[in-house]
Amino acid sequence: MDRRARILVTAGVVGALVAPVVFDRDGFPLSTYPMYSRARGDAVTLATAQAVDSDGTRSTLTLGVIGDSDDPLIVAGELRDAIRDDRADQRCDEIARRAATWSGLPAGQLEIEVVTERHDVVAQVQGDDSLLERTVHASCEVPS
Amino acid sequence: MTDVVDAPSATRSLPIVDAVAPPERLAMLRILTGTFAVAYLLIRLPVFLQLADRSTGFDGVGLAVFLDGPVPGVVVDVTIALTLLAGVGYLLGWRFRVVGPIFAVGMLALGSYRGSWGQLLHFENLMVLYLLIVALAPSADAWSLDARRRAGGEVPPASSVYGWPIALASLVLVITYVITGFAKLRYGGLDWIFGDTLRNHVAYSAARLDLLGGTPSPFAGFGVRLEWVWPVAAAATVLIELAAPIALLGGRIRTVWVVAAWLMHVGILVFMLIGFPMPLFLVAFAPLYRIERLWTDRPAWLRRVSDQRSR
């Protein structure tokens, strides 16, 4: 590649890297790198799914049961999107089917709830009471 | 650091464009990025294979913006298999002119498709950008099966043909970090530095993992109690990211920046359990160094072993 071509390609690469920033549009592999860049308070709304027994006792599931993945970013992102796109019922059924084959599931009649919970995350991480608000978006029975 | 010399005498020498390096340096960048990317693909294979079963929630990014919806599972499986095979060819420098671009585009396609289900993983960006640069350069002119096969087996002299792609990868690296630092000021403002934002991000990461049934960092609870630490860590983070261009100067100041950036990623891993594997394994910083020395200056015992094998 001659020198002029190298200059043009270099300029093109710089332009391509900076373009998402100029247009404020995240993508792949050219990005605005927005992860963890927004200011965040200590009260945060998080999407999750839980098992609930007939007494109303809630149990935590696993990343694999909730999202069929071991990556929390993927599990959280996909569940959040399912709730946003009104697909919480469908996702609930998928989670319930996976939960039915999970050895760690508590005994008894159980439902899965797809929820968003608002927590004081600083209190939560220190083991203190943290739940501020809870919204159930879908519930479904775990098949026996 | 890749040297900047030997531009045509009538023309002023330009950084990046006129960078000169031996072919072995670019070859080592091929070997490092190839090893990293193939290992990454193998370790993340279950995640990529699961993509074949997905049907809802598709929103194309990257190359996948050209798709109307999910592709049949067999297409995903074949793409993974082809990419993996091409990755081995990329690493060994076999039919590199064809196989190299296939691997880079394969990783771009897989990363695009994986990111089209609601969650972009930004640590894949730099890997794919490096692969594209290396794959489109003559990165198998040394230390490769192609070079062995070539008549005479002579290695070409150092030139900008080999230096420029490495310098371009360095430029991509520093621009990426600058954009990351800029994003914090753009979206978070000064509150990202002077407020409790970083502490809250650490707490948020731990709480999210806990609620999703994962195992949060054992250091998160202890860390969030150290309130005074977080504004200092936040200021250091933004400073390291925005100061990335100093790494292009080479020498000690480059290494100071690399150590600082690496420690930043270690901190993110320790307190948030979020690993950015490419910088953590130092592959991200490889274009900043004379990495061919990893082999040419190898220890005596390794030299003895490799010399015996080549006889």
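The values are calculated or read from the model by the stated rules, or taken from the named source; none is laboratory data. Quick caveat: nothing in here was measured; it's all calculated off a predicted structure. Virtual Cβ from ideal backbone geometry, glycine too; neighbours counted across all protein chains shown. We work out accessible area using only protein heavy atoms, side chains counted, and drop any ligands, DNA or RNA first. Shrake-Rupley method; radii C 1.70, N 1.55, O 1.52, S 1.80 Å.
When segment A:1-13 is filtered for residues that are touching a helix residue (DSSP H, G or I) at 6+ places or on another chain (Cβ under 9 Å) and either open to solvent by 60 Å² or more (accessible area, probe 1.4 Å) or facing chain B (nearest Cβ under 7 Å) (or both), the ones remaining, listed by number, are A:1, A:3, A:6, A:10, A:13. Under the condition of being farther than 22 Å from residue A:91 by Cβ and either part of a strand (DSSP E or B) or within 9 Å of chain B (Cβ to nearest Cβ) (or both), the residues counted in segment A:34-59 number 10.
Working only within segment A:8-60, note down all residues that are on the phi < 0 side of the Ramachandran plot and of a type in the set (Ser, Thr, Tyr).
As a first pass, look at segment A:8-60 and keep what is on the phi < 0 side of the Ramachandran plot: A:8-23, A:25-32, A:34-35, A:37-55, A:57-60.
Residues satisfying the conditions are A:10, A:31, A:32, A:37, A:45, A:48, A:54, A:57, A:59, A:60.
Considering only segment B:277-290, I want to know if a residue exists there that is within 18 Å of residue B:167 (Cβ to Cβ), under 16 Å from the mean Cα position of the chain (by Cα) and open to solvent by 50 Å² or more (accessible area, probe 1.4 Å). Within segment B:277-290, one or more residues are within 18 Å of residue B:167 (Cβ to Cβ), under 16 Å from the mean Cα position of the chain (by Cα) and open to solvent by 50 Å² or more (accessible area, probe 1.4 Å).
Yes or no: residue B:8 open to solvent by 20 Å² or more (accessible area, probe 1.4 Å), modelled with pLDDT of 90 or more and more than 19 Å from residue B:101 (Cα to Cα)? Lay out the reasoning, then the answer.
Values: open to solvent by 20 Å² or more (accessible area, probe 1.4 Å): yes; modelled with pLDDT of 90 or more: no; more than 19 Å from residue B:101 (Cα to Cα): yes.
No: the conditions fail for residue B:8.
Residue A:112 passes every criterion in (1) open to solvent by 30 Å² or more (accessible area, probe 1.4 Å); (2) over 16 Å from the mean Cα position of the chain (by Cα); (3) modelled with pLDDT of 95 or more apart from (1).
For segment B:11-27, filtering for residues that are open to solvent by less than 10 Å² (accessible area, probe 1.4 Å), outside any helix (DSSP H, G or I) and charged (D, E, K, R) leaves 1. For segment B:85-125, filtering for residues that are within 12 Å of chain A (Cβ to nearest Cβ) and either open to solvent by 20 Å² or more (accessible area, probe 1.4 Å) or of a type outside the set (A, V, I, L, M, F, W, C) (or both) leaves 16.
Of the set (1) farther than 16 Å from residue B:134 by Cβ; (2) open to solvent by 30 Å² or more (accessible area, probe 1.4 Å), all apply to residue B:32 but (1).
Looking at A:18, A:75, can you tell me which residue is open to solvent by 10 Å² or more (accessible area, probe 1.4 Å), of a type in the set (A, V, I, L, M), under 26 Å from residue B:114 (Cβ atoms) and not in a strand (DSSP E or B)? Spell out the reasoning first.
Numbers: A:75 fails: open to solvent by 10 Å² or more (accessible area, probe 1.4 Å).
Exactly one of A:18, A:75 is open to solvent by 10 Å² or more (accessible area, probe 1.4 Å), of a type in the set (A, V, I, L, M), under 26 Å from residue B:114 (Cβ atoms) and not in a strand (DSSP E or B), namely A:18.
When segment B:244-257 is examined, which residues are found to be under 28 Å from residue B:189 (Cβ atoms) and open to solvent by less than 30 Å² (accessible area, probe 1.4 Å)? Correct list: B:244, B:247, B:257. Of all residues in segment B:210-224, exactly one satisfies the criterion of being open to solvent by 40 Å² or more (accessible area, probe 1.4 Å) and polar (S, T, N, Q), namely B:215.
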